[in-house]
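Chemist: Attaching a single structure in structure tokens format; questions to follow.
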Amino acid sequence: MSSPPPGYTAASLLQANEMPAGDSDNLGTARGPSVHDLSECLFFSPSDGRIWLDGQRMVLMHNSSLGSLRRELIERLGLERARGLLTRAGYSSGVRDAQLVRERWPDADPEAIFYAGTQLHSLEGVVQVETVHFEFDPRKGTYDGEFLWHHSSEDDEHIAAYGIGTEPACWMQLGYAMGYVTTLLGRMTVFREVECRSMGHTTCRVIGRTVELWGDVEEDLRYLNAEDFVSHSSLPLVSATPLPDSGSNELPPLGERQMIGVSSSFIAACHMLRRVATTRATVLFTGESGVGKELFARMLHEIGSRKAKPFVAINCAAIPDTLIESELFGVERGAFTGATISRPGRFERANGGTLFLDEIGTLSPSSQGKLLRVLQEGVVERVGGIKEIAVDVRVVAATNVELRDAVARGEFREDLFFRLNVFPIPLPPLRERRDDIPLLLSHFLRHYNQLHERSITGFTLKAMRALLNYHFPGNVRELQNLVERGVIAAEDNSPIDLPHLFRDEETTRNLLFTISSEGELASDGNEVSALEQFQRFAPAGKEGPSLDRLEARLVREAVEQAGGNLSAAARLLGLTRSRLAYRMKKLDEQI
């Protein structure tokens, strides 16, 4: 394997890899991040054992160690599963680097932002990227590029382990490219390695295009799927409106209820779902409203042994306390005023299949006791009835409240909690799976383009930055609604911009505050004056806002957050340690 010549320092290596004057790096210097700009985001802190790329922790390790891990994954999991795992890891890395560049240089030209990804890939020691050509049209939402990859770290280890073969081997690098460009463009972009050193070529040649330019990309995207029921295909997603729980076996085709994601927390939930699906165990989904608990419950039914039987759902919070028992257990004719016929409850209608009890924490104490008896005995008794009816139902429950706390407050039966909590699956909020946002955006955009017969091309860089910074209190459901609103509001053959997504002025302001290259507070939307923006961050005193007070406060809070470590505090402020020390001395003299 290649190694740097003796006497090369990190700085000299960086200089050796810079492009000649007049080449693309000059473009980056003028309108976006250069290699030097990107390298200044890399911080080493040997005293506390950490390396940072801007605000993200990095790890420096031997490529041969990664090669050993790669080889063991292939031998234990097989080539296909190992390739999928490494592709997803690369995709996640690409998403995070795209977020770094977009947030650090919000005003850079789109071309320079795309090019920065190739520079970062080289800076991180993965591969040297040579651009043959690339072009993109933000209004049409298209991307088409060709690149040469030199000195691929993956090829080095793959060839050392397996020699020359017939298939490309730069799996993580392909995933990285897909994650980086998809995040910036807001449209799913697929990269294919058409030549590879692991196939005997002198260098690797890669082509990247948006899915519309490729056509069939199912083979490419399947490596992003952690499980076979997770999808990134272009089939439409089912509406957010719940399906009628009539007890019918006719669920929509699996492809119409797609589960989208590559983040580690989402993949962990999918693996747990696969593990429990073929059993009879009761499952409890936990998580905030809008994270997709019913979608997971339906998928649990679909991939389990009861998929040919009914799936019946009920939202316990949507049924009045006086009616919930008749809804769950059924009612006999004449049991109360208005009960003119006997009617089976949800348990009977789900017999042989799955009953999904959403928001189960809202059940009354009386209903909790009767539900516990059904779970223990496997029989129900209709309201007003005297006959026990045997039922074979797999119960799947969901809650957006902490049931343990409800038990401690006496609001939920402890014995029922233990019956439901046999196999809990926590579902992460969207803010903890931001790597999935570009995929979800691309998926929802295609769906609502088809549903509303529109031709929206994608998202502006400003809109993408805002969406990736937004905290999403409504989670995936809110993201879905925002995309639908944007598809309706934007003009055909144009991208979705920020005003098409958000209508709340305060929300929009909070998303758009940035630090300009001159170190000033700035707002993309220019909704308020510079003084008003300053006052938001530095409350005025009797004589108006004070720059010295603001600087002193920022320095003090950074040092406190870093536990007195000046190097770490300097990273938080985007300064060198010497600059921070100078500012602290200056502030002490002024005080």
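The values are calculated or read from the model by the stated rules, or taken from the named source; none is laboratory data. What you are looking at is a predicted structure, and each value in this text was computed from that prediction instead of being measured. Cβ placement follows ideal geometry from the backbone for every residue including glycine, while neighbour counts extend to all protein chains displayed.
Chemist: Going through segment 27-79 one residue at a time, which ones are touching a Leu at 6+ places or on another chain (Cβ under 7 Å) and of a type in the set (Val, Ile, Thr)?
Modeler: Val35, Ile51
Chemist: Please verify whether Leu295 is within 18 Å of the chain's Cα centre (by Cα) and at pLDDT below 75, treating the condition exactly as stated.
Modeler: Numbers: within 18 Å of the chain's Cα centre (by Cα): yes; at pLDDT below 75: no.
Against the criterion (within 18 Å of the chain's Cα centre (by Cα) and at pLDDT below 75), Leu295 does not qualify.
Chemist: What are the residues in segment 479-495 that are assigned to a helix (DSSP H, G or I) and over 14 Å from the mean Cα position of the chain (by Cα), if any?
Modeler: Scanning segment 479-495 gives Asn481, Leu482, Val483, Glu484, Arg485, Gly486, Val487, Ile488, Ala489.
Chemist: Another one. Within segment 418-428, take every residue that is crowded, with 19+ Cβ neighbours inside 10 Å and of a type outside the set (Val, Ile, Thr) and give me the one that is nearest to Val283 (Cα to Cα).
Modeler: Leu420
Chemist: Find all pairs meeting these conditions: Cβ atoms under 8 angstrom apart; at least six residues apart or on different chains; first residue within segment 454-483 and over 16 Å from Ser442 (Cβ atoms); second residue among the aliphatic types (A, V, I, L, M) and not in a helix (DSSP H, G or I).
Modeler: If the second residue must be among the aliphatic types (A, V, I, L, M) and not in a helix (DSSP H, G or I), the pairs left are Asn475/Val291; Arg477/Ala240; Asn481/Ala240.
Chemist: If you take the residues in segment 448-472 that are in a helix (DSSP H, G or I) and closer than 17 Å to Tyr180 by Cβ, which one is farthest from the chain's Cα centre (by Cα)?
Modeler: Leu461
Chemist: Cβ-Cβ below 7 Å, separation at least six or inter-chain, first residue in segment 52-75 and farther than 18 Å from Ala562 by Cβ, second surrounded by 15 or more Cβ atoms within 10 Å (Cβ to Cβ) and hydroxyl-bearing (Ser, Thr, Tyr): which pairs?
Modeler: Hits for this filter: Asn63/Ser153.
Chemist: Here's another thing I want to ask about it. I want to confirm something. Restricting to segment 200-252 and keeping residues that are at pLDDT 50 or above and of a type in the set (Val, Ile, Thr), which single residue is surrounded by the fewest Cβ atoms within 10 Å (Cβ to Cβ)?
Modeler: Thr202
Chemist: Further question: Against the conditions (1) closer than 23 Å to Ala268 by Cβ; (2) surrounded by 12 or more Cβ atoms within 10 Å (Cβ to Cβ), where does Val59 fall short? Just the number, please.
Modeler: With respect to (1) closer than 23 Å to Ala268 by Cβ; (2) surrounded by 12 or more Cβ atoms within 10 Å (Cβ to Cβ), Val59 is out only on (2).
Chemist: Leu357 passes all but one of (1) modelled with pLDDT of 95 or more; (2) touching a Phe, Trp or Tyr at 6+ places or on another chain (Cβ under 7 Å); which number fails?
Modeler: The single condition Leu357 does not satisfy is (2).
Chemist: Take the residues in segment 568-586 that are under 31 Å from the mean Cα position of the chain (by Cα) and under 17 Å from Ser47 (Cα atoms), then tell me which one is surrounded by the fewest Cβ atoms within 10 Å (Cβ to Cβ). Let's see the steps before the verdict.
Modeler: The first filter runs over segment 568-586 and keeps only residues under 31 Å from the mean Cα position of the chain (by Cα), leaving 568-575.
Within this subset, residues satisfying the condition of being under 17 Å from Ser47 (Cα atoms) are 568-572.
Numbers: Ala568: 20, Ala569: 23, Ala570: 23, Arg571: 22, Leu572: 18.
The selected residue is Leu572.
Chemist: Collect the residues in segment 133-185 that are modelled with pLDDT of 90 or more, in a loop (DSSP other than H, G, I, E, B) and crowded, with 16+ Cβ neighbours inside 10 Å, keeping them in residue-number order.
Modeler: His151, Ser152, Pro168, Ala169, Cys170
Chemist: Can you find a residue that is part of a loop (DSSP other than H, G, I, E, B) and touching a Ser or Thr at 6+ places or on another chain (Cβ under 6 Å) anywhere in segment 432-447?
Modeler: Scanning segment 432-447, I find at least one residue that is part of a loop (DSSP other than H, G, I, E, B) and touching a Ser or Thr at 6+ places or on another chain (Cβ under 6 Å), so the answer is yes.
Chemist: While we're looking at this one, here's another question. From Thr189, Thr202, which residue is without any contact (Cβ under 8 Å) to a residue 60 or more places away in the chain, touching a helix residue (DSSP H, G or I) at 6+ places or on another chain (Cβ under 6 Å) and β-branched (Val, Ile, Thr)?
Modeler: The match here is Thr189.
Chemist: Take the residues in segment 468-477 that are surrounded by 15 or more Cβ atoms within 10 Å (Cβ to Cβ) and in contact with a helix residue (DSSP H, G or I) (Cβ under 8 Å, 6 or more places away or on another chain); name whichever of them is farthest from Arg96 (Cα to Cα). Before the answer, list the steps.
Modeler: Narrowing segment 468-477 to residues surrounded by 15 or more Cβ atoms within 10 Å (Cβ to Cβ): 468-470, 472, 474-477.
With in contact with a helix residue (DSSP H, G or I) (Cβ under 8 Å, 6 or more places away or on another chain) added as a condition, the list becomes 468-470, 472, 474-476.
Details: Leu468: 11, Asn469: 12, Tyr470: 15, Phe472: 18, Gly474: 23, Asn475: 20, Val476: 19 Å.
Looking at the filtered set, the residue picked out is Gly474.
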